[in-house]
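Heads up: the structure comes next, in structure tokens.
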Amino acid sequence: MTSRLKYLANAVLDVFMPRLCPVCGVALMADERHLCRKCLAELPRTGLHSIDFNDMEQLFAGKVPVEHATGYFWYEKGSAYAAVIHDIKYHNCPDMGTFLAEKAGKELAMCGFYGDVDAVVPVPLHRHKLAQRGYNQSLFIARGLAKALGVPVLDAVKAVREHSTQTRKSAEERLRNTEGMYAANSKVMSRLPADAHLIIVDDVVTTGATLMACARALLSDYPGVKISLFTLSVARLAN
């Protein structure tokens, strides 16, 4: 379907089933995707990629070796933009994650933030949670980032046990909750160079427990790999 036909089809659909911006609630125009122009322009971008040893990189310092880390926009619980993450994660809108991650990836590619990267690795869901939710939002985010960077998405990490939700847990409890939860996927890793540079991707980072557990799972079996991190959003870290 040509772009013109897609525009007309979206315009017709919007008459009968109007799409709403998750941030402000206004009806989207036919050529607007996921967010209205105003809310997309006002997305609270972090700009962390332009800061040496930024807040997100400091979060992991001394805990796990990280080449580079950044999040696209700030996450604040209860804010209007928190609805973006909630829709992506819980309300069957994973394509919005792909859309925003591709935008972020284009900015990061232009400034060469990650340098030479071999692949993008989504934080996996255990099969039981995947069956319950129906999709892994981190995979959709990873696809957008990978498209912008021109690298593949690889399931280099697998979830080997279930865990209870991280919500309402302290940082220490989150770390304990993720112990032994992930493992390197040897079938994938065996095809990569020993010093492969991998970007682990998730939807949001707060304490960093999940990303740390994935990185440690890879490094324990493949200590030569280089790890970078990307999240669509990042909570403001306490000083």
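Structure above, values below:
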| item | result |
| --- | --- |
| Accessible area expressed per residue, the chain, with surrounding protein chains retained (probe 1.4 Å, Å²) | 52 |
| Residue among 74, 137, 101 farthest towards the positive dipole end of the chain, charges placed on Cβ | 137 |
| Fraction of accessible area attributable to carbon and sulfur, the chain (%, probe 1.4 Å) | 54 |
| Sorted peptide list for 192-203, 208-219, criterion being average Cβ within 10 angstrom, highest first | 208-219, 192-203 |
| Charged-residue dipole, Cβ positions (Lys, Arg, Asp, Glu), the stretch 20-61 about Cα centre, Debye nearest 20 | 240 |
| Of 156, 46, 235, farthest towards positive along the dipole that unit charges on Lys, Arg, Asp, Glu beta carbons give the chain | 156 |
| GluC sites (Glu not before Pro) within the stretch 27-65: DSSP coil, no more than 16 neighbouring Cβ in 10 Å | 42 |
| Accessible area in the full protein assembly, largest first, 1.4 Å probe, for 87, 55, 221 | 221, 55, 87 |
| Sequence-separation-based contact order of the chain, relative, with Cα cut under 8 Å and 6+ spacing, percent | 22 |
| All lysines inside 22 Å of residue 63 as judged from Cα atoms, apart from same-chain residues fewer than 8 positions distant | 158, 169, 226 |
| Cα-based helix-to-principal-axis angle, 3-16 vs the chain, degrees rounded to 10 | 70 |
| Heavy atoms of residue 76 accessible to a 1.4 Å probe, total area in Å² rounded to 10 | 120 |
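The values are calculated or read from the model by the stated rules, or taken from the named source; none is laboratory data. Just so it is clear, the structure is predicted and the values come from calculations on it, not from any experiment. Methodologically, a virtual Cβ is constructed for each residue, glycine included, from the backbone with ideal geometry; neighbour enumeration extends over all protein chains shown. Ligands, DNA and RNA are stripped out before the accessible areas are found, and what is left, the full protein with its side chains, is counted by its heavy atoms. Shrake-Rupley method; radii C 1.70, N 1.55, O 1.52, S 1.80 Å.
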